[in-house]
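Please treat every number below as a calculation from the coordinates, not as lab data. Treat the numbers as computed from the prediction; the structure is a model and nothing was measured. When we count neighbours, we look across all protein chains shown, and the Cβ atoms used for this are built from the backbone with ideal geometry, even at glycine.
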Amino acid sequence: MEFHNMKRKHLLLIGFFATLMIATSCTGGFKSTYVWTPSSQPTPPAPDYANPDHWAALPTKKDLADSVPTQSGGFNNQDQAGFDIFFIHPTSYLQQTELSTGWNANMDDAAINRKTDEGSIKYQASVFNQAGKIYAPRYRQASIRAYFTSDTIQKKRALDLAYQDVKTAFDYYMSNWNHGRPIIIASHSQGTTHAIRLLQEYFDHDDAAAEKLVAAYLVGMPVWDTMFVYLRPCGDADDTRCYTTWRTYAKGYYPKNYVRPNTEAVCTNPLTWKTDDTYAPRSSNQGSILKNFNKVYPNVCDAQVADGVVRISRPHFPGSILYRLKNYHIVDYNLFYMSIRENSVLRTRMFRDARSKE
């Protein structure tokens with residue numbers, strides 16, 4: 001009986017990580033294995049950001065970014081929040097569908113949108129709903145293949161088109177909904193590819209726009225300090241007008257072609273919120289969210305910055321002894337869910353207090 005229970009837990013865990021791979025991006029070292037032949041499909045229709053359906057999350061509609069784990073002790077504060085979250089989701093266009101066969105996804109593709117909502121919006125964007133109002137645009141995201149193709153021209157075209165949608169969404173949000181509120185920019189994987197460009201264009205200046213940035217959470221992609229002129233890495237948990245960034249690997253694991261400048265990337269420890277190599281034991285990890293969104297698992301993993309990434313020991317959760325994952329890209333948010341949630345609230349409070357003294 002014990003063996004069968006262990007086997008069942010193992011299968012559940014495989015299902016959990018498989019679900020997350022489908023629902024979130026695989027651009028951190030996981031290669032898609034399906035056979036994909038880009039079609040000559042015309043560019044999918046452009047989004048209309050006046051249409052709520054072209055947003056995965058808005059504070060004015062019911063969506064999965066409203067979710068709060070029942071064991072977290074937190075609450076959804078979007079109705080009252082004086083801060084905004086602009087969240088850019090990762091890749092959920094992992095295979096061709098009837099509507100999406102080219103390099104970029106169709107905005108009205110229900111299957112891809114469902115993966116986005118049930119994956120990154122629920123398990124990632126929701127982490128910020130106590131800190132601010134969440135705005136998460138859908139966009140004509142580049143296919144996962146854009147990250148692995150040798151066709152650099154098509155790759156650039158696909159990512160540029162996706163970014164143009166993100167930029168258009170941000171412009172619409174600023175013109176119609178922001179009303180002067182301070183902003184957190186948050187992202188994962190492909191979303192971070194676009195968030196970096198958004199920060200460079202709108203916030204990396206010594207002007208009033210930069211003064212509105214509470215912080216940026218640039219997760220799942222390498223970020224170098226040379227990417228920005230004025231923006232700097234956050235130095236501590238309560239630092240503001242700065243950015244945090246991390247990718248999560250097992251201790252001792254190096255993916256293929258992991259060489260400089262990857263090892264020189266900026267990296268934040270999401271348990272200490274510092275960029276140094278101070279070790280944070282698993283006892284300092286207040287809670288991770290796995291497949292059961294409502295169950296918070298404390299002390300799942302430790303964290304230490306090394307080689308431009310966050311290194312962790314094997315996570316501790318029911319059945320984890322059977323799991324051998326080395327690249328934790330798909331759970332960059334999940335492993336540190338409660339830490340991120342509490343940190344985003346802290347940074348908004350510190351930002352508000354600092355403004356009141358100016």
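What to note about this one:
- For segment 107-207, the equivalent ellipsoid built from the Cα gyration tensor has semi-axes of 24, 19, 12 Å, listed from largest to smallest.
- When only Cα pairs below 8 angstrom with a gap of at least 6 residues are kept, segment 245-289 shows a relative contact order of 31 percent.
- Look at the dipole of the chain built from charges on Cβ: of Ser339, Gln141, Val300, the Cα furthest out on the positive end belongs to Val300.
- Calculated mean residue ellipticity, 222 nm, the chain: -8000 deg cm²/dmol, from DSSP H runs (n ≥ 4) at -39500 (n - 2.57) each, averaged per residue and rounded to 500.
- Kirkwood hydrodynamic radius of the chain, from the reciprocal of the average inverse Cα-Cα distance over all distinct pairs: 20.5 Å.
- Taking a straight Cα-Cα cut-off under 20 Å and skipping sequence neighbours fewer than 8 places away in the same chain, the aspartates and glutamates within cross-link reach of Lys156 are Asp165, Glu201.
- Local electrostatic count, Asp117, Cβ distance below 11 Å [Lys/Arg +1, Asp/Glu -1]: +2
- Of the chymotrypsin sites (Phe, Trp or Tyr not before Pro) found in segment 151-215, no site is in coil according to DSSP while having at most 15 other Cβ atoms within 10 Å of its Cβ.
- Positive-end extreme of charge dipole, segment 221-358 - chosen from Trp224, Tyr243, Pro318 (charges on Cβ): Pro318
- If only the Cβ of Lys and Arg carry +1 and only the Cβ of Asp and Glu carry -1, the dipole of segment 58-162 around its Cα centre is close to 220 debye.
- Cα-based reach from Lys357 at 27 Å (exclusive), listing lysines while leaving out same-chain residues under 8 positions away: Lys133, Lys212, Lys274
- Extent along principal axes [Cα atoms of segment 40-111; Å; largest to smallest]: 49, 28, 16
- For the chain, the relative contact order comes to 18 percent (Cα pairs under 8 Å, sequence separation of at least 6).
- The dipole here belongs to the chain: it is taken about the Cα centre, uses +1 on the Cβ of Lys and Arg and -1 on the Cβ of Asp and Glu, and is about 1160 debye.
- Protection proxy ranking for 74-80, 123-129, using the average of other Cβ atoms within 10 Å per residue and placing the highest first: 123-129, 74-80.
- For segment 113-175, relative contact order (Cα pairs under 8 Å, six or more residues apart, normalised by length) works out to 29 percent.
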